[in-house]
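Below: the structure, in structure tokens.
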Amino acid sequence: MSPSRWFWILMLSLTASPAVGNDGPIPNVVLAVHGGLGESPGVLTKDEERAVIAVIETALRTGRQVLVEKQGSALDAVEAAIRVLEDDPQFNAGKGAVFTSDGRNELDASIMDGRDRKAGAVAGVTTVKNPIRAARAVMEKTRHVLLVSKGAEEFAQAAGLEIVDPSYFRTERRWKELEERRRKEQTQPQSRLDPSGFVPGADPGRHWSTVGAVARDREGHLAAGTSTGGMSYKRYGRVGDSPIIGAGTFADDRTCAVSCTGHGEFFIRWQVASDISAQIEYRQVDVRQAVDTVINGKLKPVKGEGGCIALDREGRFAAATNSDSLWRGWITAEGKVVVKLYPE
Ligand code: GLY
């Protein structure tokens, strides 16, 4: 073969859409969750990895119990699974959330019902123990989709949700990360160059371990939800993609349910979750092709780091990441659980 032919074969193999970082389509899945981009391979000890896997399994089994044993709805399962992850400090949602640059925990969450595209979300809350519950209450008890900060907190309290002191969300691990980041900013104030506060490759505590869930119930209805503390060292008042319907969360019974994680500014600008649904609706591709097209085909070239999980109307699951991790797991109707932390 001529050298020029070898050159073109090499170029094609380098530019082809990578299979690495994708799962699926995996059939017969009733619930899937993610714990965000998490840590890069080699950062966590084996014991720490086992601890993350154990919580993801608990979230999956809790959600499946709601779906299969209690015959609950996809929405019930999504909420139940996300509450498990919000209550565990290993994830950047609820307790254990990252800090803003001025040392607060500001939480965002959303939920969407695939039956009728009803949706609810909260952003910038500091006292609501489980933001995913508040998001659902916004959807079910108001005429609105998104409530923010004090208005969302007062609504959550009036709705009877558990309210905590802001110190509930604080963990020493995240506080140390904030201090380290503040030290770095004094010596290398790079974040001034980037209004998102993101410093590529220079953020040891990037922690996009946002959490999310997608579910399909016995009637074939889909739901999706996402909850996060946002980006480490974000400006106070910054809102990411997680509470933005169509960006971090989307569900439509005709296509799929999606929950995303990653650099929220990109997920908002590329409308990632609704684009994945649109890929299925308009291009009639399968769920794996849909997540790959958006996460690897669209976000990767613009350096929008992140990933997502998706479940289609037939119960086929897919996930994609263009990063070096995506904590994720899925469970079938029969209770078979798979958890993975890194791309394969
Ligand atoms: N994806 C989470 C955030 O950017 O806030």
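The values are calculated or read from the model by the stated rules, or taken from the named source; none is laboratory data. Every value quoted in this text rests on a predicted model; they were computed, and no experiment measured them. Cβ coordinates were reconstructed from backbone atoms using ideal geometry, including for glycine residues, and neighbour counts include every protein chain displayed. Each accessible area value is taken on the protein alone, full model and side chains, heavy atoms only, with ligands, DNA and RNA left out. Shrake-Rupley method; radii C 1.70, N 1.55, O 1.52, S 1.80 Å.
Can you list the residues, at least 5 places off or on another chain, whose amide H is less than 5 Å from the amide H of Arg115, using H built in the peptide plane?
Leu222, Asp253
Just how far, in whole angstrom, is segment 60-105 from segment 263-280 if you go by their alpha carbon centroids?
Answer, in whole Å: 22.
Against the empirical 2.2 N^0.38 Å scaling, what ratio does the C-alpha Rg of the chain come to?
0.95
Could you please state how large a percent of the accessible area of the chain is carbon and sulfur, counting protein chains only and using a 1.4 Å probe?
Taking all protein chains in place, the chain shows 52 percent carbon and sulfur surface.
Can you compute the charge dipole magnitude of segment 275-339 about its Cα centre, using +1 on each Lys and Arg Cβ and -1 on each Asp and Glu Cβ, nothing else charged? Give it in debye, rounded to the nearest 20.
100
Rank-order 41-47, 117-123 by packing density, defined as the average count of other C-beta atoms within 10 Å over each peptide's residues, highest first.
In descending order of packing, they fall as 117-123, 41-47.
Number of Lys-Lys pairs in segment 104-196 under 21 Å by Cα, sequence gap 8 or more or different chains?
Pairs that pass both the separation and distance tests number 5.
Would you check the accessible area of Lys150, probe 1.4 Å, heavy atoms only, in square angstrom rounded to 10?
140
What is the ratio of the Cα radius of gyration of segment 213-288 to 2.2 N^0.38 Å, with N the residue count, to two decimals?
In units of the globular-protein estimate, segment 213-288 measures up at 1.16.
State, as an integer percentage, the relative contact order of segment 234-344 based on alpha-carbon contacts under 8 Å between residues 6 or more apart.
The normalised contact order for segment 234-344 reaches 21 percent.
Give me the Debye-computed log₁₀ of I(q)/I(0) at q = 0.25, 0.26 Å⁻¹ for segment 247-330, equal point scatterers on Cα only, no solvent, two decimals.
Cα-only, vacuum Debye calculation for segment 247-330: -1.22, -1.31.
Once ligands and nucleic acids are excluded and a 1.4 Å probe is used, how much of Glu281 is accessible, expressed in Å² to the nearest 10?
Answer for Glu281: close to 60 Å² accessible.
Which of the aspartates and glutamates could a cross-linker span from Lys303 if the Cα-Cα distance has to be under 12 Å and same-chain partners fewer than 8 positions apart are dropped?
Qualifying aspartates and glutamates at Cα under 12 Å: Glu265.
In debye, nearest 20, what is the charge dipole magnitude of the chain about its Cα centre with +1 on Lys and Arg Cβ and -1 on Asp and Glu Cβ, if you could check?
Using only the charged Cβ atoms, the result is roughly 440 debye.
Express in Å², to the nearest 10, the accessible area of Tyr342 obtained by rolling a 1.4 Å probe over the protein heavy atoms while all chains stay in place.
Probe radius 1.4 Å; accessible area of Tyr342 about 50 Å².
Over the chain, what is the relative contact order in whole percent, taking alpha-carbon pairs under 8 Å and six or more residues apart?
Here the relative contact order equals 27 percent.
Please calculate how many Å² of accessible area the chain carries per residue, with a 1.4 Å probe and no DNA, RNA or ligand atoms counted.
Here the per-residue accessible area is 42 Å².
How much net charge surrounds Arg218 when only the other residues with a Cβ under 13 Å from the Cβ of Arg218 are counted, with Lys and Arg +1 and Asp and Glu -1?
-1
Applying 1/(1 + (r/R0)^6) with R0 = 41 Å to the Cβ-Cβ distance of Trp175 and Glu154, what FRET efficiency is obtained, to the nearest 0.05?
Computed FRET efficiency for Trp175 and Glu154: 0.90.
Strictly under 4.7 angstrom between C-beta atoms: which cysteines of the chain have no such partner?
For the chain, the answer is Cys256, because their Cβ atoms have no other cysteine Cβ under 4.7 Å.
Ranked from highest to lowest mean number of other Cβ atoms within 10 Å per residue, what is the order of the peptides 88-96, 63-71?
Those peptides, ordered most packed to least, come out 88-96, 63-71.
Short version: ³J(HN,Hα) in whole Hz for each residue of segment 286-291, in order, from phi by Karplus 6.51 cos²θ - 1.76 cosθ + 1.60 (θ = phi - 60°), x for Gly and Pro, what are they?
7, 5, 5, 5, 5, 5
At a Cα cut-off below 29 Å, give the lysines reachable from Lys336, other chains included and same-chain residues fewer than 8 away excluded.
Lys46, Lys70, Lys95
Can you put Phe317, Phe266 in order of accessible area, largest first, using a 1.4 Å probe?
Phe266, Phe317
Would you mind counting up the charge near Asp312? Only other residues with Cβ under 12 Å from its Cβ, with Lys and Arg at +1 and Asp and Glu at -1.
Local net charge: 0.
Taking all pairs of distinct Cα atoms, average 1/r, flip it, and tell me the Kirkwood hydrodynamic radius of segment 9-142 in Å to one decimal place.
17.1
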